[in-house]
Each structure stands twice: as structure tokens, then as C-alpha cells.
1. Taking Cα atoms, how many degrees apart are the long axis of helix 38-47 and the longest axis of the chain, rounded to 10 and kept between 0 and 90?
2. Can you give the helix-only mean residue ellipticity at 222 nm for the chain, where every DSSP H stretch with n ≥ 4 adds -39500 (n - 2.57) and the sum goes over all residues, rounded to the nearest 500 deg cm²/dmol?
3. May I ask you to sort 83, 181 by Cβ crowding, counting other Cβ atoms within 10 Å and putting the fewest first?
4. For each of 133, 2, count neighbouring Cβ atoms within 10 Å of the residue's Cβ, then give the residues from fewest to most.
5. Using a/c under 1.5 as the rounded threshold, could you call the stretch 132-223 rounded, prolate or oblate? The axes a ≥ b ≥ c are square roots of the C-alpha gyration tensor eigenvalues, and prolate needs a/b larger than b/c, oblate otherwise.
6. When semi-axes √(5λ) of the Cα gyration tensor in Å is calculated directly from the model, which label among (i) 31, 20, 15; (ii) 36, 18, 17; (iii) 25, 22, 17 fits?
7. At a threshold of 8 angstrom on Cα-Cα distance, excluding pairs fewer than six apart, so keeping six or more, what relative contact order does the chain reach in percent?
8. What do you get for the angle between helix 157-168 and the principal long axis of the chain? Use alpha-carbon atoms, 0 to 90 degrees, nearest ten.
């Protein structure tokens, strides 16, 4: 299958590296079109017809956030930010504007390729991600949204990932070490108290439903099914 890819990036070397890597993949065909600044990127967005967009943030003429907003007004094509801006607030802004994923430079080309394929399959209806529920807590991975008793919650990236992992493993005891590795990474230099601090913040935002996240002494945490399953 041939996928039409729009790459908006002002670093010519990065454009060439990504293009060469994608076009060398044997299992799929990628037709990569590049734009070197925000204005050219905007013109290609208006032109349309792309299956996926790779988008830098710091661009001359028009930044990536503005381009993401314009693209979302015109298309449901998946958007992946590829940028040197790794602050949490930048990631959250990107997701709020409608991006589907966010990679911080330098990144792995195989990982980029895997993320692209996953998003392309999902956008073409080949893969469906079920909405996660635990009582009145609802997490929608497709839209990166969490609601509790019908009210949407504002969670940080780490809070979201923590809740998602607990809901994906509902009923199981998730060790602090596992949560730390999965969410903060193998190279995280802190200790597992960071997990406890984020659970505390998450419980507070969930209100009464925060009690569904049970503390398992000397082990970790467990997400219970619903409001009648606290004890």
C-alpha cells in the first residue's frame, strides 16, 4: 500500500534522513513530500490528500502549533510532532491541538516508522482501540481524553500514562518498579516515590473515584472495577 506523507521540517538534513529511511522500507511504500517552512507547509496542507503529517514546531513563517490547528480544521489525517521541544507543556499543547503522537529529537527512526504504521492502520480502520472504563472513569486513547462521571479531566502527561496503565491492567497489582520503568523509563534517575506522588495527585483529580486506585502495601497499586469495589 502507498501512503502519502507530508514532512514539514526546516532542517534539510533531517528531511533527507527521514525520507531516505521511509522510502527504503520494503513492506510499505511511502511517498514523502517535504516543506521547509511554515508557509510552504500551510500551502501543502490546503492542497490536501495526505495520509499522515510529520510536523516540526519551530519553523520559520508559521510555527507547528498553528499548522496543527489548521490541519485539524481540514483533515483527520494523523499528526506526529517531531521536535526538539520536550517540555511537558509543549506536549500537552500539541495533544490539545489534535496531534496523535509526539517525538522529541533525537529520536529513533525505527520507532518513528512503527508509530507511523500504527497510526496509519488505525486511521484506515484496520485497528480499533477500545475505550477503557473503570466504574465511572472513562479513558479514550483515540482522543487522549479522560472523564469521570461525565466531566472531562485535565491530566498531565505522566498522570494520563499512569491512569492508562492502571486501567489497562485493571484488577492486577502493579508494582511501583514496573510503573516507574513503564512511564518514566529505564534511565530515570529518581526513586519510586515519584510514583506515589503522581498517584496522590491523580486520586485528587478523580475525586471520590480516586479510591478505586488501591494501595497494596509494600507492593504497588491496583485499579478496582467500580465505586462498589473499594474495599
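Bear in mind that the values in this text are calculations on the coordinates, not laboratory data. Since the model is a prediction, treat every value here as computed from it, not as a measurement. Every residue, glycine among them, receives a Cβ derived from its backbone with ideal geometry; neighbour counts consider all protein chains shown.
1. 90
2. Working: 8 runs with 88 residues, N = 231.
Helices in the chain give a 222 nm mean residue ellipticity of -11500 deg cm²/dmol.
3. Numbers: 83 21, 181 14.
Least crowded to most crowded, the residues run 181, 83.
4. On the way: 133 14, 2 9.
Listed from fewest to most nearby Cβ atoms, that is 2, 133.
5. Working: a/c = 1.77, a/b = 1.45, b/c = 1.22.
Since a/c reaches 1.5 and a/b is larger than b/c, the shape of the stretch 132-223 is classed as prolate.
6. Comparing each candidate, only (ii) matches the computed number.
7. 13
8. 60
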